[in-house]
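Data first, discussion second: the structure below is written as structure tokens.
The values are calculated or read from the model by the stated rules, or taken from the named source; none is laboratory data. All values reported here derive from a predicted model rather than from experimental measurement. Cβ atoms come from the backbone with ideal geometry, glycine included; neighbour counts cover every protein chain shown.
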Amino acid sequence: MPDRGGGPTGPRMRAGGPSRRSRTLLLTMAALALRAMVFVMFAGFWTDWLWYRSVDYSSVFRTTLWTKIGLFAVFGLVMAAAVGVNIWLAHRMRPPLSAMSLEQQSLDRYRMGIAPYKKWALLGVTALVGLIAGASAAGQWRTWLMWINGVPFGTEDPQFGKDVSFYAFDLPWYRFLLAFGFATVVLSLIAAALTHYLYGGLRLTSPGARATGAVTGHLSVLVGLFVALKAVAYWLDRYSLAVKSSDFKATGNWTGLRYVDANAYLPAKTILFFIAAICAVLFFATLWRRTWQLPVLGFGLMVLSAILIGGLYPAIVQKFQVEPNEQAKEAPYIKKNIDATRDAYGIDDAEVSDYEGKVSVDEAESAKLRDEAESTASLRLLDPNVVSPTFQQLQQVRGYYGFPDTLDVDRYKDGDGKEQDTVIGLRELNINGIPERNWINDHFKYTHGYGAVAAKGTSTTRGGAPDFTESDLPSKGEFGKYEQRVYYGEKTEQYSIVGGPQKELDYSDDSGEKLYSYTGDSGVDLSGPVNRAAYAAAFSEPQILYSGAIGEGSRILYNRTPKDRVEAVAPWLTIDGDAYPAVVDGRIKWIVDAYTTSNGYPYASRTTLGDTTADSLTTGQREVVAQENRVNYIRNSVKATVDAYDGSVELYQWDTEDPVLKTWMKAFPGTVEKKSAIGTELMEHLRYPQDLFKVQRELLTRYHVTNSAQFYSGSEVWQVPDDPTNKSGNSVPPYYLSMRMPDQDEQTFSLTTTFTPNRRDNLGAFMAVDADATSDGYGKIRILKLPSNTTVSGPQQVQSKFNSETAIANEINILQRGDSEIEYGNLLTVPLDGGLLYVEPVYVRGAGTNYPLLRKVLVSYGDETAFEDTLGEALDVVFGEKEPGAGETEPPPGEGEEGDTGDEGERDRPSDDPTVRQALEDAQEAIEAGEKALAEQDWTAYGKAQDDLRDALKRAADAEKAVREPEQGG
């Protein structure tokens, strides 16, 4: 018997055993890692499918997915086949080994090394280039869908007479095909040349012929294909001139043909097309001639022609024909650019009229102007960009709620059925304010905000706080009964798991926490193990897989901001930066404006959306979500809504004539509802979008001029002024305001802005667009152009005048005593009887109240300026009906109580009655106690302070009424 402890068998087994186990372990780990990678990829795909199905837009997912797969497969296979076939042909054309040179014999070891694996090498190379090409092609899914579904614009370009759809839908696809063709030919040429060199058909250093006849023919065909594609490129370049961007020193950014393009580049491209076509034929002829002489000569001629005809000749035309008389030469092309740009941006119907621009007030007209001041506009004193901290302090109620930094302006009817400008915000969940942060609290217990809060835009309470029309928790007021839970909002970016065994916190009141379980259809079911595992992998959160808080009925909510949801279900839309809430039909709806854009409108100048839509208020939350940042065509073609409770998304066709939207509706049928499906109540809250308005106003700084000579001179160029109330140095934002333009009979909800002449601060023009979707004039742009020989103060000058006047400066210093800070509100501009009325609310953020309250109102008209406690008093002073300071009281009040706009400032002064004074002191103590309780999150003390405040205010009102009634009776 052999020795079990020694001999050749025993040691080998002992040495080999661990080695096999190591290999087995490594293979097992590799297999597990591969499975994990595959599952993570599957999880991403599966969760996307589940989400699209949950919002009823699975057709968008399917169309996008199958389009990408189709493009990946077709173009990947074409590229792989082209490269593979050329490698195979090169291998078939290899010369016999005996004919190889010494140079090639030195490559034997490489050939011998490749020989056993040449099939796998061929498959590997072709698979790699196929995958890269397929992935690149899949990224062109939008281009493909627009080409295959394109509808005509019904407008022809002025140079070639082609429909605009050719440039918007067809030309981008042709350009992609051309680029793909170039890539295919170049890669095939490189692969074939390397194979020929490796197998001896192509020599670099050996004497004699450098290539065999077969190699010469093969490579010549490939080079001929390259030159033929270059001929096609020259032909397409002719049409690309109509959408070519360039810097034109006279007018800045320019798109379209200029004189040199039409008279030099265009004929040059045509000539080069024919030269390239002939050169390609010469290369193909080498299949029979087996010589490179003529093709190389033709290729050299093409290169020389490209330099002389395509480069030098246009430069000579520009230098000696255009520049000596540029205005006359370029005039017809400037006119084409003006017309196309105005049409592409929807500003062709902008109405420009001259405006007097009064700088002085006639004493005889003062009374009339005073009466017209408030009938011309509902002057908004509550600035949505300033008062968010005030909403936060007075209506947050709990530390885990929050309001957006910038609130929104909308229209709601008061108790008398009269429409009024309203500042509104939702009390959304603020996850950073949760008392105890952990996974259960973050994702299961604290899941939603609660209620809308709204205040009158044109008035404040006596103390300068917002005059709330909807407030408290749960919210109550003029909105009536509606679903108040906010599961989807601008601040809601984390996922939540609802509806299962774990109850949610609904809201808290004096009686304690109210619990709730979500009953909506939103979200994805997590009851099954596959879905739980997929989301655990997708969100990198293993607790989703095994947590006992998830069970029957559990649903996961994510993609919860309105802009994210609209962008996901309509990835072909550009999303406005400001989604705003509205209470509609008993629900809170987020309204999202969306745009269709194009970069291919011939002759229309381009703009960069990110830069054009930026202003002093733009933040990451309010940035436009652009599919294509550089555009020269835009339409507000879609109005979208997102339900704040169940997250449902509805897309409505707003612009029924937009060919880009029609194209996408063909590509994604059934995703966009007809305009007639918009309900009456929703229609009342739709408005003209800010980002479109900002794009249009930027274009109108130059394109308000329609005369080519005047446009060329640049003498009428305007600029959007910087925001005088903000130190960021960015453009002043447009303001929503109900107002009446000179040609209108009544106030209309409008979006307004101002212009100043280029590099000057005086006012150049005022612009307003009818922003009320229910108005017959919706979208009508009106521009009041001030005469160039007057010096009407612009926003910056008005603000400087406010700051420089001694009396105003002294009062501001008084307001800033202690730790108080001044905050300037929106500087509103309103045309009034030939002049411009400026109104600016002034807020004070005091040491005791760390949030802004309205304390003063600045008003300017012509040369007159007022700085008073109320708007009414300021208007009286400006129009000569009252002396400055006549209505001042201490402490300075804001606007009248119960919505009074301040017309009767004398009536609103606090009484000298001791009962009133004591009640007001008690109210102040209650406010301070409430703020202290709020800071300490002592809700019992906070509730008591609110009760004390209401009691004190009631005692003050009753005492004041008792004092006034005898006065009125006397």
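Of the residues making up the range 808-821, those that are surrounded by 12 or more Cβ atoms within 10 Å (Cβ to Cβ) and under 20 Å from residue 877 (Cβ atoms) are 808, 809, 811, 812, 815.
Residue under question is residue 506, and the condition is that it be over 30 Å from residue 660 (Cβ atoms) and in contact (Cβ under 8 Å) with a residue 60 or more places away in the chain; does it hold?
Numbers: over 30 Å from residue 660 (Cβ atoms): yes; in contact (Cβ under 8 Å) with a residue 60 or more places away in the chain: no.
Considered against the rule, which asks whether it is over 30 Å from residue 660 (Cβ atoms) and in contact (Cβ under 8 Å) with a residue 60 or more places away in the chain, residue 506 comes out as no.
For beta carbons closer than 6 Å, sequence separation of 6+ or different chains, a first residue in the range 436-456 that is closer than 27 Å to residue 550 by Cα and a second that is surrounded by fewer than 16 Cβ atoms within 10 Å (Cβ to Cβ) and acidic (Asp, Glu), there are no qualifying pairs. Every condition in (1) of a type outside the set (Asp, Glu); (2) under 30 Å from the mean Cα position of the chain (by Cα); (3) closer than 27 Å to residue 344 by Cα holds for residue 134 except the one numbered (3). The residue that is surrounded by the most Cβ atoms within 10 Å (Cβ to Cβ), among those in the range 826-870 that are among the small types (Gly, Ala, Ser) and not in a strand (DSSP E or B), is 862. The residues on offer are 301, 236, and the sole one that is touching a helix residue (DSSP H, G or I) at 6+ places or on another chain (Cβ under 9 Å), assigned to a helix (DSSP H, G or I) and closer than 30 Å to residue 90 by Cα is 301. In the set (1) within 33 Å of the chain's Cα centre (by Cα); (2) part of a helix (DSSP H, G or I); (3) of a type in the set (Gly, Ala, Ser), the condition left unmet by residue 231 is number (1). Considering only residues in the range 668-689 that are touching a Leu at 6+ places or on another chain (Cβ under 7 Å) and either assigned to a loop (DSSP other than H, G, I, E, B) or not charged (D, E, K, R) (or both), the one that is surrounded by the fewest Cβ atoms within 10 Å (Cβ to Cβ) turns out to be 671.
If I filter the range 643-656 for residues that are more than 23 Å from residue 558 (Cα to Cα), buried (at least 17 other Cβ atoms within 10 Å of the Cβ), at pLDDT 95 or above and among the hydrophobic types (A, V, I, L, M, F, W, C), do I get at least one hit? Within the range 643-656, one or more residues are more than 23 Å from residue 558 (Cα to Cα), buried (at least 17 other Cβ atoms within 10 Å of the Cβ), at pLDDT 95 or above and among the hydrophobic types (A, V, I, L, M, F, W, C). Just so you know, in the range 52-76 the residues that are of a type in the set (A, V, I, L, M) and part of a helix (DSSP H, G or I) include one that is nearest to residue 572 (Cα to Cα), and it is 60. If you filter the range 338-352 down to residues that are assigned to a loop (DSSP other than H, G, I, E, B) and touching a residue at least 24 places away in the same chain (Cβ under 8 Å), you find that the one that is nearest to residue 242 (Cα to Cα) is 345.
Consider the range 762-779. How many of its residues are surrounded by 19 or more Cβ atoms within 10 Å (Cβ to Cβ) and touching a residue at least 40 places away in the same chain (Cβ under 8 Å)? Break it down stepwise before answering.
Our first condition is that a residue be surrounded by 19 or more Cβ atoms within 10 Å (Cβ to Cβ); within the range 762-779, this holds for 763-772.
Subset that is touching a residue at least 40 places away in the same chain (Cβ under 8 Å): 763-767, 769-772.
The number of residues fulfilling the criteria is 9.
Just one of the listed residues (240, 220) is polar (S, T, N, Q), modelled with pLDDT of 75 or more and over 49 Å from the mean Cα position of the chain (by Cα), namely 220.
Go through 297, 287 for me and flag whichever is touching a Ser or Thr at 6+ places or on another chain (Cβ under 8 Å) and of a type in the set (A, V, I, L, M).
Values: 297 fails: touching a Ser or Thr at 6+ places or on another chain (Cβ under 8 Å).
None of the other options fit; the residue is 287.
Selection of strands (runs of 3 or more DSSP E) fully inside the range 421-513 by the criterion of at least 3 residues being at negative phi and among the β-branched types (Val, Ile, Thr) returns 452-460. Selection within the range 36-76: residues that are within 25 Å of residue 129 (Cα to Cα) and free of Cβ contacts under 8 Å to residues at least 12 places away in the same chain. The member of this set that is surrounded by the most Cβ atoms within 10 Å (Cβ to Cβ) is 65.
So which residues in the range 580-613 are of a type outside the set (Ser, Thr, Tyr) and surrounded by fewer than 20 Cβ atoms within 10 Å (Cβ to Cβ)? Spell out how you get there, then give the answer.
Kept after step one, since they are of a type outside the set (Ser, Thr, Tyr), are these residues of the range 580-613: 581-594, 599-600, 602, 604, 606, 609-611.
Within the range 580-613, 584, 585, 586, 587, 599, 606, 610, 611 meet the criteria.
Give the residue that is modelled with the highest pLDDT, with candidates limited to residues of the range 279-304 that are more than 45 Å from the chain's Cα centre (by Cα) and exposed (fewer than 14 other Cβ atoms within 10 Å of the Cβ). Top of the filtered list is 304.
Examine the range 814-822 for a residue that is over 22 Å from residue 884 (Cα atoms), β-branched (Val, Ile, Thr) and touching a residue at least 12 places away in the same chain (Cβ under 8 Å), and state whether such a residue exists. Can you show your working first?
Restricting attention to the range 814-822, the residues satisfying the condition of being over 22 Å from residue 884 (Cα atoms) are 818-821.
Pick out the ones that are also β-branched (Val, Ile, Thr) and you get none.
Within the range 814-822, none of the residues are over 22 Å from residue 884 (Cα atoms), β-branched (Val, Ile, Thr) and touching a residue at least 12 places away in the same chain (Cβ under 8 Å).
Tally up the residues in the range 536-586 that are touching a Pro at 6+ places or on another chain (Cβ under 6 Å) and in the same structural domain as residue 643 (by TED's automatic domain parsing), please. Don't jump to the end; show me each part of the working.
First, the residues of the range 536-586 that are touching a Pro at 6+ places or on another chain (Cβ under 6 Å): 536, 551, 576, 579.
Narrowing the set further to residues that are in the same structural domain as residue 643 (by TED's automatic domain parsing) leaves 576, 579.
Residues flagged as touching a Pro at 6+ places or on another chain (Cβ under 6 Å) and in the same structural domain as residue 643 (by TED's automatic domain parsing) within the range 536-586 amount to 2.
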